[in-house]
Amino acid sequence: MSQDSVEKLLGRLITDDRFRTEAAASLEKLCRQEGYNLTEGELNMVVRLDMHAFENLAGKLDPGLRRAGRTL
């Protein structure tokens, strides 16, 4: 389901520092590599996301909620 992919992508952008860094370079490419099943419309919307906003939000999370080289 596409909505599920969007939600997983957004969650990962918040909790995974490495993923967020790679996304800042090319989110569209990363989505395809990681197998996120997004429609073209969704992909067009997510590539316009402000990565700085995710960085700021991630900085406010308890470190226990952030990905540290492990699969959640």
Expressed as an acute angle from 0 to 90° and rounded to the nearest 10, what is the orientation of the C-alpha long axis of helix 17-34 relative to the principal long axis of the chain?
20
What is the spin-label model distance, in nm, from ASN44 to LEU10 if the labels are put 7 Å beyond Cα along the C-beta direction?
2.0
Counted charge near LEU43, where neighbours are those whose Cβ lies closer than 9 Å (Asp, Glu -1; Lys, Arg +1):
-2
Calculated from backbone phi, Karplus (6.51, -1.76, 1.60) coupling profile of the range 53-64 in Hz, x at Gly/Pro
5, 5, 4, 4, 5, 4, x, 8, 6, 4, x, x
Taking a crude spin-label model, label points 7 Å out from Cα along the C-beta direction, the SER26 to SER2 distance in nm is 2.4
Share of pairwise Cα separations in the chain, more than 21 Å, in percent:
20
5 angstrom amide H check on ASP16, placed H, neighbours 5+ away
ARG67
Helix-only [θ] at 222 nm, the chain, -39500 (n - 2.57) per DSSP H run of 4+, per residue, nearest 500, equals -21000 deg cm²/dmol
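Taken together, the values in this text are just the output of simple stated rules run on the coordinates, not laboratory data. Everything numeric in this text was worked out from a predicted model, so none of it was measured. Ideal geometry is used to build each Cβ from the backbone, glycine not excepted, and the neighbour counts take in all protein chains shown.
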